[in-house]
Amino acid sequence: MKIVFATNNQHKLKEIRNILGDSFEVVSLSDIGCHEDIPETGKTLEENALMKAQYVYDHYHVNCFADDTGLEVDALDGAPGVYSARYAAAGSQQTGLSHDSEANMARLLRELGNNNNRKARFRTVIALIEKRNVCPCGCTSIKKVSQFEGIVEGEIIREKRGGEGFGYDPIFQPEGYDKTFAELGTDIKNSISHRARATQKLAEYLKTR
Ligand code: IMP
């Protein structure tokens, strides 16, 4: 089965291909000739993931899925959440801060200050849209939407540690570990991460559908 993953992130593509195995041909946006900037203007991870998948489904009429991830910090009422990629840029006059991990981490540590409640989680939502034949001959079909969630609980440490990974990895320590994602390395991180957990659920669904 061929399915489009609404991303051009090679790391994410590799991860999902590993989990899904050979029975699925996962292709990227550029593989289907989609070079547009897909809008991500939702107020929740769920809305954004669905918006991206819906865009691909409407324009390319293919089975597809999209993901969105956020870091939710309890003491900040769930921020940065859906705005994780552009946290430092939000409300700032300075340009170029979107997707600036150093600036995002600096803002998060600043906002948290000496707060002792450091509880946080990474949450990934995957939205899948499939075309399902109602009639075996394919004359009538319906659109089926499913969502899958992956969460990893942890805490925000007070100073950055570790050099691997990306984003907020140097300040996020997953529950049950005394190292940050950036210290644990890709293999361990990918076996317990929010994205891996959501992807695993998607894989189980696709394999049994
Ligand atoms: P995306 O939805 O996967 O693009 O993630 C949005 C933002 O969340 C990224 O730009 C990162 O700042 C942050 N993020 C997502 N996943 C991770 C992760 O595994 N480690 C650290 N930061 C992440």
(request) Please find, within the stretch 1-46, the residue that is farthest from R86 (Cα to Cα) out of those that are without any contact (Cβ under 8 Å) to a residue 24 or more places away in the chain and among the charged types (D, E, K, R). (result) D22
(message) So if I check each of S141, S146, which one is closer than 30 Å to N63 by Cβ, more than 16 Å from the ligand (Cβ to nearest atom) and at pLDDT 95 or above?
(response) S146
(request) Name the residue, out of I151, I157, I188, I142, that is out of contact with any Lys or Arg (no Cβ under 6 Å at 6 or more places or on another chain) and closer than 23 Å to K201 by Cα. (result) I188
(request) Could you list, in sequence order, all residues of the stretch 1-26 that are small (G, A, S) and either surrounded by 12 or more Cβ atoms within 10 Å (Cβ to Cβ) or on the phi > 0 side of the Ramachandran plot (or both)? (result) A6, G21
(request) Identify the residue in the stretch 57-106 that is within 30 Å of S141 (Cβ to Cβ) and in contact (Cβ under 8 Å) with a residue 60 or more places away in the chain and, among all such residues, is farthest from the chain's Cα centre (by Cα). (result) H61
(request) Output the residues belonging to the stretch 163-208 that are in contact (Cβ under 8 Å) with a residue 40 or more places away in the chain and of a type in the set (D, E, K, R). (result) R195, R197, K201, K207
(message) Of everything in the stretch 176-201, what is in a loop (DSSP other than H, G, I, E, B) and on the phi < 0 side of the Ramachandran plot? Give them in sequence order.
(response) Y177, D178, K179, T180, S193
(request) State yes or no: is D74 of a type outside the set (A, V, I, L, M) and modelled with pLDDT of 95 or more? (result) yes
(message) Step by step: first the residues of the stretch 164-187, then only those that are at pLDDT below 95 and away from the ligand (no atom under 12 Å from the Cβ), then the one that is surrounded by the most Cβ atoms within 10 Å (Cβ to Cβ). Which residue is that?
(response) G185
(message) Can you tell me which residue is farthest from the ligand (Cβ to nearest atom) among those in the stretch 73-99 that are under 17 Å from V152 (Cα atoms) and touching a Phe, Trp or Tyr at 6+ places or on another chain (Cβ under 8 Å)?
(response) A79
(message) I'd like the full set of residues that are more than 18 Å from H11 (Cα to Cα), of a type in the set (F, W, Y) and in a loop (DSSP other than H, G, I, E, B), limited to the stretch 152-175.
(response) none
(message) Just to be sure before I move on: is I157 within 16 Å of the ligand (Cβ to nearest atom) and β-branched (V, I, T) in the structure I sent?
(response) yes
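The values are calculated or read from the model by the stated rules, or taken from the named source; none is laboratory data. Given the structure is predicted, the values throughout are model-derived calculations rather than measurements. Glycine also receives a Cβ, built like all others from the backbone with ideal geometry; neighbour counts cover every protein chain displayed.
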